Structure formats: C-alpha cells, structure tokens
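The values are calculated or read from the model by the stated rules, or taken from the named source; none is laboratory data. Given the structure is predicted, the values throughout are model-derived calculations rather than measurements. Reconstructed Cβ throughout: ideal geometry from the backbone, glycine too, with neighbour counts over all protein chains shown.
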Amino acid sequence: MSLVRDKKFYLHLIKISFPIAAQYLINYGVTLTDTIMVGALGDIILSATSLANQPGFIFLTTTFGIASGAMLLISQYWGKKDIESVRDVIGIALKVSIILSFIFSFIVLVFPYQVMRIYTSDTAIIEEGVHYLLIVGYSYFFSAISSALTISLRGVEIVNVSVVVSGSSFFTNIIINYILIFGHFGMPAMGISGAALGTLCSRTLEVVILFFYLRFFDKKLYLSWRHIFCTNKALMSDYFHYGMPVILNEVLWSTGTSMYSVILGHLGSSVVAASSICTIIRQILSVFVRGISNATSVIIGKAVGEGDYKLVRDYTRTLQICYLILGLFCSLSMFSIRDFIIQIYQISDSAKLITQQLMNVETLIIFMMAYTNPIILGVLRGGGDVRFAVRLETIGIWGIAVPAGAIAGLLLHWPAPIVYACLRLDEIIKIVVTTIRLHGSRWIHNVTRSSANTE
C-alpha cells in the first residue's frame, strides 16, 4: 500500500466533504440556536428540551442507519453505473423510514409522560418536556423523508442540494423560534412549545424543497413514484441483508447514547444542561468529521463497486492520516473556544462550571472520535464490512461505556466529569480495534449483484 498523491483524489474528497459538513454545521447550528434561545428561559427549560429531544435523536439516528444502509448499496451500484438499482434502493429506504416515523410519532404523542419519565424523575422537567413532545412528534414524518433522501443522494455524489435544504431550514427555525419562544410581532410567548413548532415548520420546509429539486432540477436519477413504491425482491433482500446491520448499529448506538442522558439526567438539571451544551459544541466542531465520514463511504464504496481493491487500500491508508490531522484540529479548537461558548449561555454558575469541566474531557474525546468515526462510518461501511462495525459499536457502548457510566454515576456517585469520561471509554477501544482491522483486505466486500433488476 502507498499514499495517494493524485490531487484529483483530494479535490474529490473535499468536493464531497464540504457540502456535507456544511449541512451538518447548519443542522447543529439549529440545535445551538435552540439551546441558546431556550436556555434564556432557565436550566429547567433547557434540560426539558434536551431530554425531550432524546426520542427524536434515536429516531433520526435510526433513519440515518436506514439511509446509510441504502447508501452502501447505492455507492457500489453507482460505481457499476447501474442507475435503475440505485433508484430502487432509494425507494426502499424511503418506505422503511416513513414506517418508522409513524411508530415513533405514535409513542411520543400517546405516551409523552411515560417517555419523559425514562430520562428524569424531576416533575418540572417532565411537564415542560411533554409540551415539547406533543408538538415535535408530528415532525418525525417529515424528518424521515428529508433524512432518507439527502443521505441516499450522497451515494450518487449529489451533495449540494443538502446545503440548500439545511440552510433554508436553519433560517426558518431561527425566525419562528424568535417569534414564538419570546412572543414577538404580536404573537404570544409560547416558550418551549414555540421551539417545537419551529422544528416542525423547518422539517416540513425541507421536504418541500427536496421534492421541488427532484421534480425540476435533478439530472442524474429521475426518481418517480414507481421507484418509491418499488417491489424489487432481489434488492429488498440485499438491502435487509447488508443494510440491517447498519440500522442495528445506529439503533444500538443511539439508544446507548440516549442512556448517557438517562444516567446524567439523574445527576441534576445543572449536569443535564452542561451535557447538552457540551454535546452541541462537540457536534459543531465535528462537522468535518461527519463530512469526511460520508465522503469516505462514497469514495470507498464506489472503488469497491469498480473492483479496484488496491486503490481501495491506498485510499484507506491515506485517509487514516487525514483523520489524525483532523482530530488534532478539532481538539485544539475545542480547547480554544470553550470559555467563550460558555459565556454565551444564560445558565447558572454551577452549570457553567460543570460545562467547563465536561468540555475539558471532550478535548481528548473529540480527537479519538475524529479517527474512529470515519473508519467505522466511512471505510468499513463503504467497504461492506458492516457486521464487524456493528459488533464493535455494540461491545463498545453496551459492554464498556454504559456499564462504566452507570456504575460511576448511579452507584458510586462520582463527580460529573468522571462519569462523563466513563461514558466515552469505548473510543479508546475503537482506536485500537479499527487500526488492526484495516490491515489486510478482510474488510472489503463487494455487495452488488450482476443483475439486480431481475427477480
């Protein structure tokens, strides 16, 4: 194996990564502005918003898995120039995502109190969280369509439209939040319910823009309702065979991450507020990690579909070095901006102190995550090694991080920064295991069919 010296590779990587990173930056910017606006109403409201968003986090992460499972097939069929199979796989991902949205919406709209009690026993937080859930639950349907389409389109290197979608959603959300949370322009001050309405409106707009793009501007796929309602049994079988591990991976990861909120939620509203701020800042700084992860999946998947395995290994070795450089940048940035970010929020002094302590822990975590995430979400998934990725994520979160955090927080009652560090111990394990896994070619699997459109 040798490092890639072709400038076209790096330009292609940047061309795909930057629009995706911009989309994530805008999405996380929405969350950041939400927490800043809602945080002005106090620790209780901020904590309620954070915890009420956990079911939505699990849902969105699962739809990410649904679309990512599709993108594994899409990118490899794109490499084979089999456009018809690409269309059918996108249709499958849309159907599965929409069905899932109905299930999640039913749960949070019918059982909002029970959902909130999973995360906290604080009655004030529960009451406010219920107000949020009873509105935001309707947004899941639109989120399912938006997520499935934007992620699937990345598999065929259509990335710029996602920036337009996210940018429009961002500004819509800010405007509606400003009007409804605080009661401007003659509207009543709705508080946390106003934030939920802002989310619902922005998600609806995303779907409108995507449908408009696919109807009038798309020149690659020419998707139609026939593809959305396709019944290609061969591709359906392949999707669930290769995509289900990806979906399972995201479900286990998101529910495990949600358990972090359960554990931290029992340490007090100040800890929950601090954790939500810290998480958002990490997400914003890691947008390029997300971007390069998705770009990696497309590039590796396409190369595997073309059958050039030596090029796949050269790409991988080069990308590993890129991940380390990116991790160093993210870590230094986290350390540099922590004090400035904390001062933006109108939270209690105790919450500010805890936030600073957690961000110190995140400085190390984000460096490790910048290396492991692109390998798992990009290299291994693009290369078809999805089952290994599931095992690694499952053992890391449920076998190490969650038990360690639960023992430290709920049994030993250690300080919040130590509990927070215990909840991220899996990153250390993943660095070692992923590096070992990428030696050789065991992780490269071509998952395409020679005749996918014949049943």
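Quick notes
- Qualifying residue in the range 328-336 (condition: buried (at least 22 other Cβ atoms within 10 Å of the Cβ), among the aliphatic types (A, V, I, L, M) and under 22 Å from D34 (Cα atoms)): yes
- Residue within the range 287-301 that is within 24 Å of L411 (Cβ to Cβ) and in contact with a Leu (Cβ under 8 Å, 6 or more places away or on another chain) present: no
- Remark: pairs (first residue in the range 302-317, without any contact (Cβ under 8 Å) to a residue 12 or more places away in the chain; second residue small (G, A, S) and part of a helix (DSSP H, G or I); Cβ separation under 7 Å; 6+ apart in sequence or on different chains) = L311/A303.
- Candidate set: the range 176-193, residues that are free of Cβ contacts under 8 Å to residues at least 60 places away in the same chain and in a helix (DSSP H, G or I); chosen: the one nearest to the chain's Cα centre (by Cα): I176
- Matching helices (runs of 4 or more DSSP H) fully within the range 194-298 where at least 3 residues are in contact with a Ser or Thr (Cβ under 6 Å, 6 or more places away or on another chain), touching a residue at least 40 places away in the same chain (Cβ under 8 Å) and farther than 29 Å from D349 by Cβ: 244-265
- Residue within the range 7-30 that is of a type in the set (V, I, T), at pLDDT 85 or above and surrounded by fewer than 23 Cβ atoms within 10 Å (Cβ to Cβ) present: yes
- For beta carbons closer than 6 Å, sequence separation of 6+ or different chains, a first residue in the range 157-175 that is on the phi < 0 side of the Ramachandran plot and a second that is surrounded by fewer than 23 Cβ atoms within 10 Å (Cβ to Cβ) and of a type in the set (F, W, Y), the qualifying pairs are V161/Y213.
- Test: residue in the range 161-168 that is crowded, with 24+ Cβ neighbours inside 10 Å and not hydrophobic (A, V, I, L, M, F, W, C): yes
- The listed residues are L358, L328, L319, and the only one of them that is part of a helix (DSSP H, G or I) and under 21 Å from S269 (Cβ atoms) turns out to be L358.
- Screening the range 287-324 for residues that are in contact with a helix residue (DSSP H, G or I) (Cβ under 6 Å, 6 or more places away or on another chain) and small (G, A, S) and picking the one that is nearest to V38 (Cα to Cα) gives G291.
- Residue match in the range 366-380 (condition: without any contact (Cβ under 8 Å) to a residue 60 or more places away in the chain, in a helix (DSSP H, G or I), more than 21 Å from the chain's Cα centre (by Cα) and closer than 23 Å to I418 by Cβ): no
Rundown of residues vs (1) modelled with pLDDT of 85 or more; (2) over 20 Å from Y260 (Cβ atoms); (3) within 21 Å of the chain's Cα centre (by Cα); (4) of a type in the set (S, T, N, Q), yes/no style:
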site: Q356; (1), (2), (3), (4): yes, no, no, yes
site: M359; (1), (2), (3), (4): yes, no, yes, no
site: G382; (1), (2), (3), (4): no, yes, yes, no
site: L410; (1), (2), (3), (4): yes, no, no, no
site: W414; (1), (2), (3), (4): yes, no, no, no
site: I418; (1), (2), (3), (4): yes, no, no, no
site: T448; (1), (2), (3), (4): no, yes, no, yes
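- The residue that is nearest to S193 (Cα to Cα), among those in the range 107-141 that are assigned to a helix (DSSP H, G or I) and of a type in the set (S, T, Y), is Y132.
- Of all residue pairs spaced 6 or more apart or on separate chains, those with beta-carbon atoms under 9 Å, a first member in the range 418-441 that is without any contact (Cβ under 8 Å) to a residue 24 or more places away in the chain and a second member that is small (G, A, S) are I418/A408; I418/G409; C422/A401; C422/A404; C422/G405; C422/A406; C422/A408; C422/G409.
- Residues located in the range 163-175, provided they are touching a Leu at 6+ places or on another chain (Cβ under 7 Å) and either assigned to a loop (DSSP other than H, G, I, E, B) or under 20 Å from F59 (Cα atoms) (or both): V165, S169
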